[in-house]
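What follows is a set of notes on a single structure, which appears directly below.
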Amino acid sequence: MSRYRERPPVGALTGAIACVWTHGADAGGHVQRVVPDGCVDLIWMGDRLDVVGPDTTARLAELPPGSRITGIRARPGAARLLLGDVPATELRDLQVDGLDCWGASIRCTVDRIRDAPEQAGRILEEFACSRLSEYRPDPALSAVVAALDSPAPLAVPALADALGLSERQLRRRVTAAVGYGPQLLSAVLRFQRAMRRGTGPGGLAELAHATGYADQAHLTREFRRLAGVTPGQYFTPR
């Protein structure tokens with residue numbers, strides 16, 4: 001069994017940070033299926049602070065018995081707040097030691113959490129807040145993410161035109177801010193909508209229609225690609 005909790009960040013971070021979260025395992029341990037969400041996380045586990053880059057497919061993460069992980073999650077497009085000068089593309093599908101990304105500048109944060117692990121969430125928020133004065137978000141990204149997070153998103157050329165960008169500029173700026181391009185981001189956001197909604201009386205066909213898939217077969221293909229399992233397997237309680 002596992003226990004997952006999340007809370008909103010402090011007010012100054014709400015534009016860039018989705019949540020602060022904790023995930024704990026009981027005495028039996030837990031294996032968590034981690035799926036793509038378009039986000040980047042900074043996580044404390046054991047005695048190490050890791051940066052988790054943008055995932056493009058599912059992976060299994062083992063939580064040892066009695067362990068507790070605390071993390072802070074950047075919204076899609078806000079990866080640079082938690083990555084600094086490291087391009088998000090370099091960390092795609094990777095989890096690396098935060099010291100390798102930040103060097104000595106994050107050592108104080110690591111030492112503070114080691115001294116008070118129960119305060120890890122607050123300390124991670126303080127680190128993120130300390131970055132705000134240097135963080136320069138791409139002003140177009142919030143509009144891009146909002147437009148792509150729709151059951152009927154604009155095609156990339158039309159979206160670029162609506163924002164006054166060339167298609168190449170749009171792809172480059174999304175990739176720089178997220179870690180992969182707009183088409184994959186759109187698929188990931190659609191997948192996340194389906195995950196949050198879950199299955200109802202209408203089953204998978206209704207879920208596919210409500211969340212922007214062409215049909216149930218499309219939904220199933222995307223779940224296999226992004227979650228590594230079928231929708232039925234994903235939503236079946238274990």
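Computed values, structure above
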item	result
More than 17 angstrom apart: percent of Cα pairs within region 179-238	31
Surface/4 of the Cα convex hull for region 61-170, nm²	9.4
Rg/Rg_ref, region 113-175, where Rg_ref = 2.2 N^0.38 Å and atoms are Cα	1.66
Estimated FRET transfer efficiency when R0 is 35 angstrom, pair Arg48-Arg7 (beta carbons, to 0.05)	0.95
Convex hull volume per residue in cubic angstrom - Cα atoms of region 94-133	81
Debye equation applied to the C-alpha atoms of region 1-68, log10 I(q)/I(0) at 0.14, 0.23, 0.24 Å⁻¹	-0.48, -1.18, -1.24
Residue-averaged 222 nm ellipticity for the chain, from DSSP H runs of 4+ at -39500 (n - 2.57), nearest 500	-11500 deg cm²/dmol
Accessible area per residue in Å² at 1.4 Å probe, computed on region 113-202	51
Positive dipole terminus of the chain, leading residue within Ala208, Gln192, Pro54 (C-beta point charges)	Ala208
Residue order for Thr57, Thr70 - accessible surface, 1.4 angstrom probe, largest first	Thr57, Thr70
R0 of 45 Å, Cβ-Cβ distance Glu206-Gln32: FRET efficiency to nearest 0.05	0.95
Column: log10 I(q)/I(0), Debye, Cα scatterers of the chain, q = 0.11 Å⁻¹	-0.60
Calculated from backbone phi, Karplus (6.51, -1.76, 1.60) coupling profile of region 25-42 in Hz, x at Gly/Pro	10, 7, 5, x, x, 7, 10, 9, 7, 9, 10, x, 9, x, 10, 10, 10, 10
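The values are calculated or read from the model by the stated rules, or taken from the named source; none is laboratory data. Here the structure is a predicted model, which is why all the values come from computation and not from measurement. Quick reminder, even Gly has a Cβ in these numbers, built from the backbone with ideal geometry, and neighbours come from all protein chains shown. Quick note on the areas: whole protein, heavy atoms, side chains included, nothing else; ligands and nucleic acids left out. Shrake-Rupley method; radii C 1.70, N 1.55, O 1.52, S 1.80 Å.
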